[in-house]
Amino acid sequence: MRIVLLGAPGSGKGTQSQRLVKEHGIPQISTGDLLRAAVAKGTPLGVRAKEAMDSGKLVEDEIVLGMIRERLAEPDVANGFILDGFPRNLLQADALDALLAELDQPLDAVVQMDVEYDELMRRISGRRSCADCGAVFNVLTSPAEQIANDKCPKTGEPHKLFQRPDDTEETVAKRLQVYEDKTRPLIDFYRQKGILQTIDAEGDVEEITERLEEALQAAAGRKPAAKRKAAPAKKSGGKASAKVPAKKTAAKSAAGKKTAAKKAAGKAAAKKATGKAAAKGARRRTAVAKSGRKAKKAPVRRAPAKKKSAAKKARKRAR
Ligand code: ADP
């Protein structure tokens, strides 16, 4: 399958991509990782990219597109790929379309990973990566012991954790704003193409993977028969639709513009979701499965007070 994972910084694209790689045997293509590798090597391209990355801006399209073109020409993408962090604006999305049309390999699914603003902040500030194998952990949500006991597959030693330079609070706020301004419009872009699926990307990592697999199955089911035949077989079937999580559907519809305290209370209540909420969640997912166009949700982001007016203005302008 050829998949794009769409979501704000911290929405879990990288984590879920790693899981899809294992499950489906197709490569993850992360422009963030490719750029970081270029920065680490100090290539001319890396030097050009570094400043934008460190300040939370997007790297020039020309650089990113060049990298993607090269990467998609490599043989391991023949059976599909997971694009993580690309495209990030409309120009990149158009360029990707053109490139894939040239290769006669259109996208099968774009999955939007929906996470609220506060949760994004929490995830990013706790995020640490292993310098050797790239595995990602969260020191705020995973017990320290668990992280310490998890050995790096590259070195056999405990992971060598570091915080990305662009994960500071100030840069994160900038990155989230850039996501709102430049990347969010891609949701409509792909919805109009009929290949968008939206999943609730909050909660247990395993459950999110299940939702993601479910969304991918729904996308595969929507394809014309000829294309379906060509799709690579899944390594393990059945698992994806085994569970229909309910809590966040209820939590999010209730969340609105609550204060942090109210929100916490709402979340606790949602955890005790009743069968009714479960049925609602199931209905929503079925609707999503039937048509990528029904996946509309309220905007994820709760902008902080000072950002709100800018965000409002942007929305007004969009109307
Ligand atoms: P995140 O999604 O958490 O922001 P990434 O690792 O995907 O992290 O990207 C890190 C940085 O790399 C971005 O903030 C941006 O500067 C740059 N970058 C990554 N992908 C792109 C892209 N497609 N276009 C432009 N810049 C990009």
Integer Hz, Karplus 6.51/-1.76/1.60 couplings in order for the stretch 156-163, x for Gly and Pro | x, 9, x, 4, 9, 8, 9, 9
For the stretch 1-133, just say rounded, prolate or oblate: build the C-alpha gyration tensor, square-root its eigenvalues into a ≥ b ≥ c, call rounded for a/c under 1.5, and beyond that prolate if a/b exceeds b/c, oblate if not.
-> rounded
Just the number, please: carbon plus sulfur as a percent of the accessible area of the stretch 5-156, 1.4 Å probe, no ligands or DNA/RNA counted.
-> 52
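How high is the relative contact order of the stretch 26-66? Use alpha-carbon pairs under 8 Å, at least six apart in sequence, and give a whole percent. It would help to have the intermediate numbers written out before the result.
Values: 21 pairs, mean separation 10.5, N = 41.
With pairs under 8 Å counted, the relative contact order is 26 percent.
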Among TYR179, VAL136, PHE81, flag the residue with its Cα farthest along the positive direction of the charge dipole of the stretch 60-185, charges on Cβ as +1 for Lys/Arg and -1 for Asp/Glu.
-> VAL136
Using alpha-carbon pairs under 8 Å, 6+ residues apart, how would you state the relative contact order of the stretch 61-186 in percent?
-> 25
Protein chains only, probe 1.4 Å: how do VAL39, VAL4 rank by accessible area, largest first?
-> VAL39, VAL4
Put a dot 7 Å past each Cα toward the Cβ at ASP104 and ASP132; how far apart are the dots in nm?
-> 4.5
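About the Cα centre of the stretch 77-161, how large is the charge dipole given +1 on each Lys and Arg Cβ and -1 on each Asp and Glu Cβ? Please answer in debye to the nearest 20.
On the way: 8 positive and 14 negative charges, 116 e Å.
In total the dipole reaches around 560 debye.
Can you tell me, using C-alpha contacts under 8 Å and at least 6 residues apart, the relative contact order of the stretch 142-216 as a whole percent? Intermediate values should be presented prior to the final figure.
Numbers: 25 pairs, mean separation 9.5, N = 75.
Relative contact order for the stretch 142-216 comes out at 13 percent.
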Residues whose modelled amide H sits under 5 Å from the amide H of PHE81, counting only those 5 or more places away in sequence or on another chain, are ARG2, ILE3
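Roll a 1.4 Å probe over the protein chains and send me the accessible area per residue for the stretch 1-160 in Å².
On the way: 7390 Å² over 160 residues.
I get 46 Å² per residue for the stretch 1-160.
The values are calculated or read from the model by the stated rules, or taken from the named source; none is laboratory data. The structure displayed is predicted, hence computed values, not measured ones. No Cβ is skipped: glycine too gets one built from the backbone with ideal geometry, and neighbour counts run over all protein chains shown. When the accessible area is computed, the model is the full protein with side chains, heavy atoms only, and any ligands, DNA or RNA have been set aside. Shrake-Rupley method; radii C 1.70, N 1.55, O 1.52, S 1.80 Å.
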